Amino acid sequence: MPATLLQHLDESIKLELSLAKLYTLLHDQLSEDEDFWWQLAMEERGHASLLQQEKKQPQPMEFFPDNLLSKDLQSLIDTNEKITALIAAYSAAPPSRKAAFQAALDIELAAGESHFQHFLDSPTHSYSSNIFKQLNQEDRDHAERIRDYMKTNRIG
């Protein structure tokens, strides 16, 4: 696997694991919404696991889903830094419900996460793409789910 693709993949895995950590923290801090945060955390862990499995595959480049990863490595790095900062801040002082949901929505709309959703919604052109989509079919757009949850629960 080329070094550039490996960097993108590593940063994408880090993004998914960081989001899982953030959502687990919010699960622990915001008991009123703990089931919602837990579900998102588990789905992010699942995304990370899928990416980790893909990284281990000995397949040639042409079989790797070409639209799976964000093309903007710096955007992934920036989003990961933002998540790390939020985890540190929220560990020191839990956020309000509104702040937590708004931060999650902002992150889900960031390049790496929205790109993953775009991949799930795009036409399938490879065996690997098919596998990713089948394994993720139960995962719906997190940003839309956060918006719906906020509306239903009058958060914001």
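Checking the cross-link pairs K55/K98; K55/K82; K56/K98 against a 32 Å limit on the alpha carbon distance flags K55/K98; K56/K98 as lying beyond it. Each residue of segment 40-54 was assigned a 3J(HN,Hα) from its phi angle through the Karplus expression (A = 6.51, B = -1.76, C = 1.60, θ = phi - 60°), giving 4, 4, 5, 5, 5, 4, x, 4, 4, 4, 4, 5, 5, 5, 5 Hz with x at Gly and Pro.
3J(HN,Hα) along segment 78-88: 4, 5, 4, 5, 4, 5, 4, 5, 5, 4, 5 Hz, from the Karplus curve 6.51 cos²θ - 1.76 cosθ + 1.60 with θ = phi - 60°, whole Hz, x for Gly and Pro.
The numbers here are math on the coordinates, done by the rules we state, and not lab data. Given the structure is predicted, the values throughout are model-derived calculations rather than measurements.
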